[in-house]
Every structure is written in C-alpha cells, then in structure tokens.
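Here the structure comes first, spelled out in structure tokens, and everything after it is commentary.
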There are 2 protein chains.
Amino acid sequence: MPTSDFLNPLIGGPGTKGFPHHAPPLRRDAIAAQRWNVLRGDLPLPLAVIRRDALADNLRWMQQFVRDHGVDLAPHGKTTMSPQLFSAQLDAGAWGISFANVTQARVGLESGVRHCLIANQVMAPTDLDAIVALRQRHAGSRIVFLVDSLVQLALVEAWHSAQAEPRPQAVEVLLEIGLDGGRTGCRSDSQAMSLARRLRAGAATRLVGIECYEGLWATGRSAEDRALVQGLMQRVTELARCCEREQLFEADELLFSAGGSSIFDLVVPWLKPALSHPVRGVLRSGCYITHDHGSYRRYMASMNSRLACGHGLHAALEVWAMVQSCPEPGLALLTAGKRDVSYDLEMPIPARWCALGEAVPVPAPAGWKVSAMNDQHAYLRWPLEAAAAPRVGDRVALGISHPCTTFDKWRWMAVVDEAYDVVDAIVTCF
Amino acid sequence: MPTSDFLNPLIGGPGTKGFPHHAPPLRRDAIAAQRWNVLRGDLPLPLAVIRRDALADNLRWMQQFVRDHGVDLAPHGKTTMSPQLFSAQLDAGAWGISFANVTQARVGLESGVRHCLIANQVMAPTDLDAIVALRQRHAGSRIVFLVDSLVQLALVEAWHSAQAEPRPQAVEVLLEIGLDGGRTGCRSDSQAMSLARRLRAGAATRLVGIECYEGLWATGRSAEDRALVQGLMQRVTELARCCEREQLFEADELLFSAGGSSIFDLVVPWLKPALSHPVRGVLRSGCYITHDHGSYRRYMASMNSRLACGHGLHAALEVWAMVQSCPEPGLALLTAGKRDVSYDLEMPIPARWCALGEAVPVPAPAGWKVSAMNDQHAYLRWPLEAAAAPRVGDRVALGISHPCTTFDKWRWMAVVDEAYDVVDAIVTCF
C-alpha cells in the first residue's frame, strides 16, 4: 500500500508557483478547507488547474470504453506523473499504469500501482538492479519492459549473469514491434523471431507478450489510420502466432499492448487476438485523463465520426494567467510562458476570459490567439475590429495542446469545481 | 540569512530522475561523499550535469566583466531558479538577482538575495501583499518591479488605498521602456513621461530608475545589434534626463537596467549615463552561468570579435542519456526527450560520447545530430558513411541551446568534475 504521505504530500513553500504566497505548506487533504477561489484572486497567477468534473467524466468514460471492448487499461503515467491521478485511475478500474523508465515506475509502485508496464527498453545495470529491488519491496507487483534488439538482450543477460547466486528471477519482457521510419521496435519479422528465440533460450528474461505503438503515425484521417492500425496489428498478431507455434512465450496469460491517445478506438479491436493462450489486451492511452484543447481535440473529432455515441472526453486542464500589459493595439502580454504551458505542438489556445473584478469567466472571444511565448510571457493577439479586448488585470485561461508538456511544468495543480473553488490538489513527480 | 535547509536541501526520493534508485534522500552536502561517477553507471540516465570548472569560470569571468565596466550584475534568476546557484552568484559579487515574478523573488530572498529586481509588471493584490510581507520578513531587502501603463499603476494604487492605515511604504518601481513590435514597456516617450509623472504624484509608488530589454531583437550581427542598442539606450538616457528635469525620481541613487545574455557587451557602456543622480547600472544577463552549446554560443562568436580578449564563457550544462535502440541504419534512440532537455530554439546538440564499458568520453563525432524528440526519446542520426556509430548501451551527452528550458526540466542536477565524479548538487525551484 502507498504510504499516506505519498498520496497526501505537503504542498507549498518557496517556489511553489500558483500556491498562495502567505499560506504555509499544507497537506493535500487540507487544501479544500482553505476555500480558495481562483477567480477571486486567492492564488497568484499563473496557475494550472484541473477541472474536477471533466476529470471525473474522463476517468469514467475511458474505463467504460475499455470495459465495453473487453480490454484493460494501463494508461501512460508519463503524461501526469501524479500519484494522486494514478490512484484515481486505479480506483476507476485501470489494470496497471505504463511508464517510460524505472524512475517513473517507482513512483507508480509507491502510489499503489501493482502492474507496471515500462513501455520502453531497459538495459542499464542500475535500472535492472532497481527492478529487482522494487519487486521485492512491493510484493505481488509486476514490472514488465520492452526488448527490441539482441544487443539490448545481451546487456540484460550480462547483468543477470553477474548477479550473485541465487540469481534474481527472470525479468518479464514484451517483444517490441516497430515500423520502418519509426521509433524503437524490431523492424523485420525475422529479426523479431530471432530475438524471441533468444529470449526463450536465456535465463535472464521471460517473454510474456508483444507490444507496439501506432500513435506516431496517426493522422486523424480515418481511412489512413485504419489501414495503419490494421497493417501493424495484423503483423503483431501473426508474430504472436509464430511465437506460440515455437512455444517462445513463458506466461499463462499473454500481454498484448498498443495504443496512444489519438486513435485508440481503432486499436482496441485488435488487442484480443485469437491465440492459444489467454490474452490480456492492454491499452496505454494516457492523455485521455485531461484530454486537451488542441491536438487531441482534433483527433477526437475523427473518433466521434467513428463511434456511434461519440467520445466523452472533455478538456480538463487550463493554465490561468493575468494580462500584465497591453502595449500596442491588438497585443496583450500574459504572465505565463514556456515555463507554464505546452508549446511543443502549437501555442496555447485562449479558452476563457475573466475580466478584472469579475468572478465568472466567459468563453474567450473568437479571434483571440497566442502568437508566441517567451520563458515567462505569452503574446495574446486579437483582431482590431473585435468587440472585446482584454485589459491589464484581466485573467485568461489558456487551453493546452498536449497535456504531457504542461503537466511537466508544474509541481502541483489545483483541482477546481465549476465555480473555480479549489476543491483538491495533485502533485507531480517529474 | 537563508535557512541552512534551504541551501542544503534533501535531494532524492521517488521520482527524482537521475538520482540513484537505491540511495535514500540525502542533504546536498552529503552528495559528494557518495563518490558517484556518472560514466561508471552509478546514476540512472537521463541525468543533467553541470560541469564544475566551467561553472566557476563563467561566474568569475562575468563578475570581472561587469567590474571592468563599472556596472553591477543582477543576473536573471529565472534561468536556473536554483538557490545554490543564486548563492554562488552572490558570492561571486552579484549586486542582486532578477526575477520574473513574486514567487521567484521569494525563492531568492530565502536564498540570501537582498536586492530583487522583478523585471516584469506586478499588479495583482496577492502579489503586492506578498511584496510587503517579504520586505518585512527580510529586513533590509529591496524588491523593485516594472511599471509600463497607467492601468497597471491604477491597480497598484487601488491596492495601496485599500490597505489599512498605516499603509505600507510605497513600492519601488522602474519605468519600463519598450520598442514597437516588442514585448512590454512604454512605446512612446510621451506615454512614458505621463506615467512617470503619475508615479511621482501618487503615494503608492516610488520611481527609482528605468529599465529596458534589448535581447528580443538581437541578431548576432554586430552592426545591427550596435544600432539597436544605441537607439534604445539613447532614448532611455534622454527619458531619464527628462525625469530628472521634472524631479520625478524618488531615490538617492538611480537604477538603470538592461541586458539579456546575447549582446550584453554592447549594453554595458550605456548603463552609466551622465545624470545628476548617481546611477547604478544593473546588467541582468542570466544565461552566462552555464552558457550553452547552441544559441548563446553563436551570439558569443560575435561578441568574441568585439571584445579584445574574447569572452570567457564555457558550456557547462549537459544532459546524459543512454542509447536504448538502434533500429535502423543511421538511427539511434536515446533515453532523453522533451522532459529532459531544451527543444524550444533547436534540438539538442550531441556533445560527447562514452561507449559502453568506457569511463572517459570523447567528443561526439561530427555529423551526429538529434533530428527530433518525443516526450521521452531523442532521435540521434548520423551519416551512414561515418566511421563511428553509437551502439545500444553507449552514453551520449546532449549539449543544449537555451539553458532556461533545460533547468526547468530538472528538480536537481549533479555537479561534476572533469572525470564526471559527482562533487556537488543543485536543486531548482520551478
């Protein structure tokens, strides 16, 4: 079980941006009782907020979605790296959490995660040592990682051979299948099969399933995305059958994992292939938890046209900033920049506007755009013919594109209700 | 004085990337005694390191530079947000530290900074309240911020009027002068003078100097940059004379501040204008502390041609990652991504290479390039005809372009000597 301090940490102290200057550090469970309100000015801006109701809806919708499709969810934890959100995902019914490396998986285990899927290669002795130690410390936990080359496997085997007797239990691995021009993963089937045979032959590893990732190639155009997923998943399924024929798996139940956050509806039908072994299909989508106002919103428009009832995800993450200067017609500078909000896919998207003295926001006028950001500033521009222009002291909520690169800019975020009362908080461990 | 815990914090625990998995959290001053070595594999990668000797050289060179020019240094603290580095800058002789907002200034004050230049507008009541509280808590400290509009000033005055008697001392402000098409700052001289008169007339503020920022327009081409600086600084100097003639300053000594990290050699001669008041010229360059392998390296090439003896800054910040996969000819995936290293100006620059089993790095071969990054991966590419190709398990040091956006991705960094022994550590407060 997670230690209570880990899920209920102290929040605050010098440098905790967005946290009230005058407040002492507080345990997470003492935050709501402060009755802070974002729009009444109780917290300094910029401040990242998660809208509670949207978050709850997203957690519920996604879990229902995987349940309806007979697969499991191990959402990618690298998105949020938040113990509180991992815990919420597990409470909603997630089978496990995915991670990018051992340091992240450790946060998961301390947060109560029992099934850790490290969707990445591991080969450094210090990381392999840590997997052994974490398995011991967290009895009953599983830590699975990816293998995609004989060189990587040789490093894992060298580490294993160097351990004192009795050597640690074999590590559980998934064979990663990749696409030409892509990221990691075996490019050819013959390469994949050679590797699978070596995994079976050695004492250091146990092959428990297959993994791939389609998300890098998603376009949002259904026909292309469907063809992409079909091509990749058919290949993965065929490889699994080959591995079964050669008895290369060492598991009662196979893990079959794919799925980013862009086209996961196209992936799930492929996660339960007809094989001799029972199969646990594991979807890894991570960004659904807060969804967004940009990139994922656009992908979801395509998904809506494919799903009979549409998707049920809502943008839950906003970064509030103040207008600090309106130095030229059509230009306002906001007190948030590259330190505060995602800019890797596109500039943030003005979502709401709360004029000075108001406590109820309105939708940001059409035509408001962030044209650029510096480290600590955003350039908000609007057409000169627009009826509504921001003024110094106004507050603007920036919607985001790509949750991962906003989460990693905050050590805590306020969780708010519809009135922007702070009702909870989360921390991140980046 | 700073509390000892603040400069000597506990480092480690779940989620502290790059910190040895097995080590308990340690005080900063216990790190060196661990005798960890980066290239021996004692710390998980990715890991950000600061090269101690380069850091020390940079601190010394910059302080000597401002001393030689008769000006003071208040390096921008937003670059590092590191109490340990603020302390090192003060120890080297910095007059103060610049910040982007009140939350940052509080970190500075807790770190021992006495002169805080908030090079930004402040107008929210919660931030103004905090300035009053911080001045009280840190006796003898100064917190100065920028004003660039009558609307902002009206907000400061409304806040001041709403305070209970006896009202807080007037806040110290600098008049910010800006350029058309730029960021904040008064665009016209008449606007600036109207604002200065209102600052003088009110009880809430005390005008103690003038500020501007040339860095947004720097090109690295000396003739253009010289003309830019001359135009801006002549205007600022003339405005200061106008303010003197009208007796708008309320200070025995004026602060005159400018200077980013790109063309600061062109700025310093203008920071000591001939005025009736004594003037303290305050240069705000922040990135000199670690310098970089990209953008600032290129600006410095121009500076070298202007300075008789050249500049003495060295790239001190590297992010080490491991090669996790070499799935196609000419492509390696590294275990560092958008979470770990700057990508806002350009991709990171491979700087060093340490093959598996080696403990002494060599310069990264010419032709190695990072072509893209995902959240947790970097795509390292090299020409197929290159003699040297990385292999899985090798370590690569990524040089950075723009220190600010690498510092904000790490909660701690290891300080290393030439042999990559960890000799110290710093933390950041983003």
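Every number in this text was worked out from the coordinates using simple rules, so none of it is lab data. Quick caveat, the model's predicted, so the values are computed rather than measured. Positions of Cβ are backbone-derived with ideal geometry, glycine not excepted, and every protein chain shown enters the neighbour counts.
Using bins of 10 Å that start at zero, the share of Cα-Cα pairs per bin across region B:242-371 amounts to 10, 29, 24, 17, 11, 7, 3, 0, in whole %. For the residues B:307, B:195, B:174, a GNM of chain B with alpha-carbon springs under 10 Å puts the largest fluctuation on B:307.
Between 0 and 90 degrees, the angle of helix A:125-137 with respect to the longest Cα principal axis of chain A falls at about 90 degrees.
Rank the residues B:339, B:28 as a footprinting-exposure proxy: fewest other Cβ atoms within 10 Å of their Cβ go first.
Working: B:339 23, B:28 20.
Ranked by crowding around the Cβ, least crowded first: B:28, B:339.
Charge dipole of chain A (Cα centre as origin; +1 on each Lys and Arg Cβ, -1 on each Asp and Glu Cβ, all else neutral): 80 debye, rounded to the nearest 20. The DSSP beta bridges internal to region A:219-371 are antiparallel in roughly 50% of cases. Taking the label point 7 Å along Cα→Cβ, residue A:137 and its counterparts in the other copies are spaced 3.2 nm apart, in ascending order. With N the number of residues in region A:301-343, Rg(Cα) / (2.2 N^0.38 Å) evaluates to 1.87. Kindly provide log₁₀ I(q)/I(0) values, in the same order as q = 0.17, 0.19, 0.21, 0.29 Å⁻¹, from the Debye equation applied to equal alpha-carbon scatterers of region A:360-419. The calculated log intensity ratios at q = 0.17, 0.19, 0.21, 0.29 Å⁻¹ are -0.79, -0.96, -1.13, -1.40.
Each DSSP beta bridge with both residues in the protein assembly as shown is either parallel or antiparallel, and the antiparallel ones are about 50%. Global dimensions of chain B from alpha-carbon coordinates: Rg and Dmax equal 23.2, 77 Å. Between identical copies, the spacing of residue B:188 label points, each set 7 Å from Cα toward the C-beta atom, reads 7.2 nm from nearest to farthest. In terms of overall dimensions, the C-alpha atoms belonging to the protein assembly as shown reach 92, 60, 46 Å along their principal axes, ordered largest to smallest.
Could you work out the relative contact order of chain A, using alpha carbon pairs under 8 angstrom and six or more residues apart, expressed as a whole percent?
20
Taking A:305, A:401, A:141 in turn, the Gaussian network model of chain A (Cα-Cα springs below 10 Å) assigns the largest fluctuation to A:305.
Residues A:275, B:134, arranged from fewest to most other Cβ atoms within 10 angstrom of their Cβ, appear as A:275, B:134. Reported to the nearest whole Å, the Cα centre-to-centre distance from region B:145-177 to region B:255-282 is 25. Neighbouring Cβ atoms from other chains, within 10 Å of the Cβ of residues in A:389-397, number 2 on average. DSSP bridge analysis restricted to chain B gives an antiparallel fraction near 50%, rounded to the nearest 5. Compared with the dominant principal axis of the Cα atoms in chain B, helix B:150-161 is inclined by about 80°.
Sorting B:377, B:76, A:160 from the fewest to the most surrounding beta carbons within 10 angstrom yields A:160, B:377, B:76. Under the combined filter of DSSP loop state and at most 12 neighbouring Cβ atoms within 10 Å, region B:236-328 retains these GluC sites (Glu not before Pro): B:246, B:253.
What residue among A:105, A:315, A:355 has the largest mean-square fluctuation in a Gaussian network model of chain A, using Cα springs under 10 Å? Answer for the Gaussian network model of chain A: A:355. Converting phi to 3J(HN,Hα) with the Karplus coefficients 6.51, -1.76 and 1.60 and the offset θ = phi - 60°, region A:52-60 yields 4, 5, 5, 4, 4, 4, 5, 4, 5 Hz in sequence order, with x at every glycine or proline.
Pairs with C-alpha atoms separated by more than 18 Å, drawn from the list A:17/A:409; A:369/A:409; A:409/B:338; B:17/B:78, are A:369/A:409; B:17/B:78. Across region B:311-430, the mean sequence separation of Cα contacts (distance under 8 Å, 6 or more residues apart), normalised by length, yields a relative contact order of 31 percent. When restricted to Cα atoms, region A:16-166 yields an Rg and a Dmax of 19.6, 63 Å, respectively. Inter-part distance, region B:70-144 to region A:359-377, computed on C-alpha centroids, equals 28 Å. For region B:327-407, the extents of the C-alpha atoms along the principal axes are 33, 27, 20 Å, listed from largest to smallest. Only Cα pairs under 8 Å and 6+ residues apart enter the sum, and on that basis the relative contact order of region A:1-124 stands at 23 percent. In the assembly of identical copies, residue B:56 has its label point, taken 7 Å from Cα in the direction of the beta carbon, separated from the corresponding points by 5.8 nm (ascending, one decimal). Relative to the longest principal axis of the Cα atoms of chain A, the long axis of helix A:189-201 lies at roughly 70 degrees.
Report the net charge of residues surrounding residue A:40, where surrounding means a beta-carbon distance below 12 angstrom and charges are Lys +1, Arg +1, Asp -1, Glu -1. Around residue A:40, the surrounding residues sum to -1.
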